[in-house]
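Enquirer: My questions will all concern the structure given below.
The values are calculated or read from the model by the stated rules, or taken from the named source; none is laboratory data. On a predicted model such as this, the values are computed, not experimentally measured, just so you know. Cβ coordinates were reconstructed from backbone atoms using ideal geometry, including for glycine residues, and neighbour counts include every protein chain displayed.
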Amino acid sequence: MNLKKSLQVSVDKVYSWNAPLWRQLWDAGSGPPHALLLAGPPGVGKSVFADALAERLLCENRSGDTACGACPSCHWLAGGNHPDFRRVIPEADAEDTAETEAGSSKKKASTQIRIDQIRELEDFVYMGGHRNRGRVILVEPADAMNPAAANSLLKILEEPPATVYFILITQKWRRLLPTIRSRCRLLMFPRPSLEVAQKWLEGQGAADAAQLLPMMGGAPLRALNEVERGRAPLWNGLADILANPGTDPLALATRWESQIKNGDGLTMEDLVAVIQKWVFDLAHGRMAGKRRFFAGTKMEEAAWTKIPGLIRCYDEILRVRALASHPLNAKLFLEDIAARYLRALAT
């Protein structure tokens, strides 16, 4: 299954675990508000939901909460050229951002949503639509707006035309300006139960992806994406290193560093998150006799580790995890984490 293709779905294909949220929008009879904030962890279907909602709002032959999928508006939206729809994303995330050739001096694409991108919406917002079905603006991820862009969007949200709908998508909704949050209706997207997620993955012909569900925080789309990218061995390899870390923190940090350099997009944040989950499972296994994230992985070597040391290690990693996205010195950061982990195992 192609994950990118699966995002272009009609309204009746909203993921089953998100169906209650969909019904919430339409059961009251008045439809969605002019501004929605879709928040929740990655890989649970927020983008699919937003695409389906835009399709429903712009459809010319809509019935109840269902878009027809056949009218000119539905076809234009599917083709990515609807005149009454705007998708605002960071330049770096744009699908048509060309990869620079080796040695090119082209400026690196921004990972932020900039103020000029929001200002470009003003004419779109305040001028009439083309099809008399309203206009839809989708911002993803909303937390990528820099301060100037966020303030510019706030001004538009303060006095929006009645026929304009804003859909903001984020994993980190608390990072948004409180004034933006207060002008949106918040929809929190939960993770599906493990049973529901496994069943869905099996239905996609990707039962092997279910093995990654715990490591992906129970998010089925993340698990599916990792399998499609051929990265399942990478995650399993990280678990193997944690199960057999050796006793030298410098050597352990070097192994982790190698995983990041050769890991097809593996980030420092990914690595620290896996370590944290592993330590959690070590402690939880000792206290409750079961593990949450690595249920099928051997942890016998650490079975004798004392609980206080594991809890202390977990708390220490939790405190430094925020630095993983921008450590001053990546190698020293990894060595510090390695030393904390090995110290916990030796306690």
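Enquirer: Return the residue satisfying two criteria in turn: it lies in the stretch 211-225 and is of a type in the set (A, V, I, L, M) and either outside any helix (DSSP H, G or I) or within 15 Å of THR267 (Cα to Cα) (or both), and of such residues it is modelled with the lowest pLDDT.
Expert: Here is the first cut: in the stretch 211-225, the residues of a type in the set (A, V, I, L, M) are 212-213, 215-216, 219, 221, 223-224.
Among the residues that remain, those that are also either outside any helix (DSSP H, G or I) or within 15 Å of THR267 (Cα to Cα) (or both) are: 213, 215-216, 219.
Details: LEU213: 85, MET215: 80, MET216: 85, ALA219: 91.
Taking the candidates together, the pick is MET215.
Enquirer: Taking the stretch 226-252 only, how many residues are buried (at least 17 other Cβ atoms within 10 Å of the Cβ), of a type outside the set (A, V, I, L, M, F, W, C) and over 19 Å from GLY265 (Cβ atoms)?
Expert: Adding up the residues that qualify gives 2.
Enquirer: Separate question: Could you check the stretch 7-39 and list, in sequence order, the residues that are over 21 Å from the mean Cα position of the chain (by Cα) and modelled with pLDDT of 70 or more?
Expert: Of everything in the stretch 7-39, those that are over 21 Å from the mean Cα position of the chain (by Cα) and modelled with pLDDT of 70 or more turn out to be ARG23, GLN24, LEU25, TRP26, ASP27, GLY31, PRO32, PRO33, HIS34.
Enquirer: Do you know which residues across the stretch 109-133 are closer than 17 Å to ALA35 by Cβ, buried (at least 16 other Cβ atoms within 10 Å of the Cβ) and out of contact with any Lys or Arg (no Cβ under 8 Å at 6 or more places or on another chain)?
Expert: Of everything in the stretch 109-133, those that are closer than 17 Å to ALA35 by Cβ, buried (at least 16 other Cβ atoms within 10 Å of the Cβ) and out of contact with any Lys or Arg (no Cβ under 8 Å at 6 or more places or on another chain) turn out to be ILE113, ILE118.
Enquirer: Counting only residues that are part of a helix (DSSP H, G or I), out of contact with any Ser or Thr (no Cβ under 8 Å at 6 or more places or on another chain) and either modelled with pLDDT under 90 or more than 18 Å from THR170 (Cα to Cα) (or both), how many does the stretch 94-122 have?
Expert: Filtering the stretch 94-122 down to residues part of a helix (DSSP H, G or I) leaves 115-119, 121-122.
Subsequent filtering for residues that are out of contact with any Ser or Thr (no Cβ under 8 Å at 6 or more places or on another chain) retains 116-117, 121-122.
From what's left, either modelled with pLDDT under 90 or more than 18 Å from THR170 (Cα to Cα) (or both): 116, 121-122.
Here the count works out to 3.
Enquirer: While we're here: Which one of the conditions (1) in a helix (DSSP H, G or I); (2) out of contact with any Phe, Trp or Tyr (no Cβ under 8 Å at 6 or more places or on another chain); (3) assigned by TED's automatic domain parsing to the domain that holds ASP51 does LYS199 fail to meet, given that it meets all the rest?
Expert: All conditions pass for LYS199, except number (3).
Enquirer: Right, something else. If PRO327 meets every condition in (1) outside any helix (DSSP H, G or I); (2) modelled with pLDDT under 80 apart from one, which number is that one?
Expert: (2)
Enquirer: Give LEU252, LEU234 a once-over and let me know the one that is under 24 Å from the mean Cα position of the chain (by Cα), over 25 Å from TRP17 (Cβ atoms) and not in a loop (DSSP other than H, G, I, E, B). Working first, answer last.
Expert: Numbers: LEU252 fails: under 24 Å from the mean Cα position of the chain (by Cα).
Just a single option satisfies the conditions, and that option is LEU234.
Enquirer: So which residues in the stretch 158-180 are among the aromatic types (Phe, Trp, Tyr) and either surrounded by fewer than 17 Cβ atoms within 10 Å (Cβ to Cβ) or more than 22 Å from the chain's Cα centre (by Cα) (or both), if there are any at all? Give the steps one after another, and end with the answer.
Expert: Taking the stretch 158-180 first, the residues among the aromatic types (Phe, Trp, Tyr) are 165-166, 173.
Correct list: TYR165 only.
Enquirer: I want to confirm something. Restricting to the stretch 141-157 and keeping residues that are touching a Lys or Arg at 6+ places or on another chain (Cβ under 7 Å) and under 11 Å from PRO90 (Cβ atoms), which single residue is surrounded by the fewest Cβ atoms within 10 Å (Cβ to Cβ)? Can you show your working first?
Expert: Within the stretch 141-157, the subset touching a Lys or Arg at 6+ places or on another chain (Cβ under 7 Å) is 143, 146, 149, 152, 157.
With under 11 Å from PRO90 (Cβ atoms) added as a condition, the list becomes 143, 146, 149.
On the way: ASP143: 19, ASN146: 15, ALA149: 21.
Result: ASN146.
Enquirer: Six or more apart or on different chains, Cβ under 7 Å: which pairs go from a residue in the stretch 201-215 that's under 22 Å from ALA239 (Cα atoms) to one that's of a type in the set (S, T, N, Q) and surrounded by 13 or more Cβ atoms within 10 Å (Cβ to Cβ)? Could you list them?
Expert: That search, which allows pairs on different chains as well, returns ALA210/GLN198; LEU213/GLN198.
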